[in-house]
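Asker: Take a look at the following structure, please.
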């Protein structure tokens, strides 16, 4: 049984952030011109099987965050009706794409270690 609050909602301990808030903090730290996968965020937050939950958080992501920098592990750009806009935003940041339209993850993905370091640093 989880003692730190339910996965999506309120943290049960005073001052503790919800999972979604932690996802947003992580997204805020992805540098310009780099990308991160849903699964990477889940791993860094200590919930390696929660990639889909990261996606749900991204669907409700505040507008001021660089939500376009979160892509699928294979570099596919999700987002339904917003996929073309996300792709354009990424291209404007200098993110490179493979011939099939996926993000070049080898060139643009922020390594887990750097993402983890960024998430541990004060905002």
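Rule-based calculations on the coordinates, nothing more; no lab input. Predicted model only: the values in this text are computed from it and were never measured. As a convention, Cβ positions derive from the backbone with ideal geometry for all residues, glycine included, and neighbour counts pool all protein chains shown.
Asker: So for each of 99-109, 78-88 I average, over its residues, the number of other beta carbons within 10 Å; can you give me the resulting order with the highest mean first?
Answerer: Highest to lowest by the protection proxy: 99-109, 78-88.
Asker: Taking a virtual spin label 7 Å from the Cα of residue 116 along the C-beta vector, which residues in region 35-71 bring their backbone nitrogen under 12 Å of it?
Answerer: 43-47
Asker: Ok, one more. If packing is taken as the mean number of other Cβ atoms within 10 Å per residue, what is the order of 36-44, 24-32, 65-73, highest first?
Answerer: Going from most to least packed, we get 36-44, 65-73, 24-32.
Asker: Now, a different point. With only alpha-carbon atoms in the gyration tensor, what are the semi-axes of the equivalent ellipsoid for region 19-120, in Å, largest first?
Answerer: On the way: eigenvalues 76, 43, 31 Å².
Values for region 19-120, descending: 19, 15, 13 Å.
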